[in-house]
Amino acid sequence: MNDILFAVSKILWFPARPGHFALILGFLGLTLVWRGRRGGRWLVLLSLGFFAMLVATPVNQWMLLPLEDRFARPAPPPPRVDGIIVLGGAVEQNITEARGIPSLNGAAERMTEGVILARRHPEARLVFTGGQGSFVHGGTTEADVARQLWTAMGIPPERVVYEDAARNTHENAVLTHRLIQPKPGEVWLLVTSASHMPRSMGVFRAAGWREIVPWPVNYRTGHTWQAWYDAPFPERLGQFEWAFREWLGLTAYYLMGRTERVLPAP
């Protein structure tokens, strides 16, 4: 069943992705106009209206802000840290496989923060979780890229547990819990993008991680007009699509029973 859900989610996301969906509406509208059918102009206007909205308003920031503000790093930080979990999603395994050197994407702070925390807490266990998150992939996993990168950055390979089978956040939580089997009272830091933290915290709690502490990175929002309007259009579109996917994922995980609430709370 998990294999079917994974495949369906990847297939449906392509047409449902807001930018793709708006373009599909626009092309459909143009086709109807060219054929003299009714309704085509409205579809074209809807398509253009979506892109105009991204240019004129910071709707991308408005969608991300509730997610990124939901969980903050604890102040002060925990006096004792038993383990650090870094979620996949920051590496490009296909590009790494093609070029032979570790490739990172816009969520690279997950990987750099993992190294910072590992050096700050030398007594803590370090875990990376990530397998093949893309639908079309080669033989290299995210864990393979993480091992290559962190080893080159001076993290001893024997210190890290690499979980290489997880394909999504739910599997990150379940497979890592099964692999690590955390003991009661242990304190674990969870490192992932701030906008991804609500879904991550919800699913990790449901998987049995009770002493899990959020450690968000990779912020993309601010609380000033300068931050709202600073990003160029392609970045605004990317932020809107990421936020849309997170809200969609939160709803889907709740309906599937993978989280206790649509928007998990601190």
In segment 186-201, which residue that is more than 17 Å from D82 (Cα to Cα) and open to solvent by less than 10 Å² (accessible area, probe 1.4 Å) is farthest from the chain's Cα centre (by Cα)?
M201
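The rows are residues; the columns are (1) in a helix (DSSP H, G or I); (2) open to solvent by less than 60 Å² (accessible area, probe 1.4 Å); (3) at positive phi.
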| residue | (1), (2), (3) |
| --- | --- |
| W13 | yes, yes, no |
| F27 | yes, no, no |
| L30 | yes, no, no |
| S47 | yes, yes, no |
| V55 | yes, no, no |
| W62 | yes, no, no |
| R73 | no, no, no |
| I101 | no, no, no |
Considering each residue of segment 123-157, count those that are in contact (Cβ under 8 Å) with a residue 40 or more places away in the chain, within 26 Å of A98 (Cα to Cα) and open to solvent by less than 50 Å² (accessible area, probe 1.4 Å), and give that number.
16
Enumeration of residues in segment 208-239 that are modelled with pLDDT under 95 and aliphatic (A, V, I, L, M):
A227, A231
Across segment 222-263, what is the number of residues that are aromatic (F, W, Y) and under 28 Å from V203 (Cβ atoms)?
6
Please name all residue pairs, on different chains or six or more residues apart, with Cβ atoms under 6 Å, provided the first residue is in segment 22-35 and is more than 19 Å from G238 (Cβ to Cβ) and aliphatic (A, V, I, L, M) and the second residue is part of a helix (DSSP H, G or I) and open to solvent by 60 Å² or more (accessible area, probe 1.4 Å).
L25/L46
Do we have any residue at all in segment 170-177 that's part of a helix (DSSP H, G or I), within 17 Å of E97 (Cβ to Cβ) and open to solvent by less than 10 Å² (accessible area, probe 1.4 Å)?
no
Number of positions in segment 141-169 that are in a helix (DSSP H, G or I) and either within 13 Å of R125 (Cα to Cα) or in contact with a Lys or Arg (Cβ under 8 Å, 6 or more places away or on another chain) (or both):
4
Any hit, segment 34-42, residues being part of a helix (DSSP H, G or I), open to solvent by less than 60 Å² (accessible area, probe 1.4 Å) and more than 27 Å from R261 (Cα to Cα):
yes
Within segment 213-253, the count of residues that are within 22 Å of G88 (Cβ to Cβ), of a type in the set (F, W, Y) and surrounded by 15 or more Cβ atoms within 10 Å (Cβ to Cβ) comes to 5
Odd one out for V160 among (1) buried (at least 18 other Cβ atoms within 10 Å of the Cβ); (2) within 21 Å of the chain's Cα centre (by Cα); (3) farther than 18 Å from S200 by Cβ:
(2)
Checking the structure you have, find out if any residue of segment 232-247 is more than 14 Å from V59 (Cα to Cα) and of a type in the set (A, V, I, L, M).
no
Among the residues of segment 1-39, count how many are small (G, A, S) and modelled with pLDDT of 90 or more.
4
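The values are calculated or read from the model by the stated rules, or taken from the named source; none is laboratory data. None of these values were measured; they are calculated from a predicted model. Every residue, glycine as well, gets a Cβ built from its backbone with ideal geometry; the counts of neighbours run over all protein chains shown. What goes into the accessible areas is simple: the full protein's heavy atoms, side chains included, and nothing from ligands, DNA or RNA. Shrake-Rupley method; radii C 1.70, N 1.55, O 1.52, S 1.80 Å.
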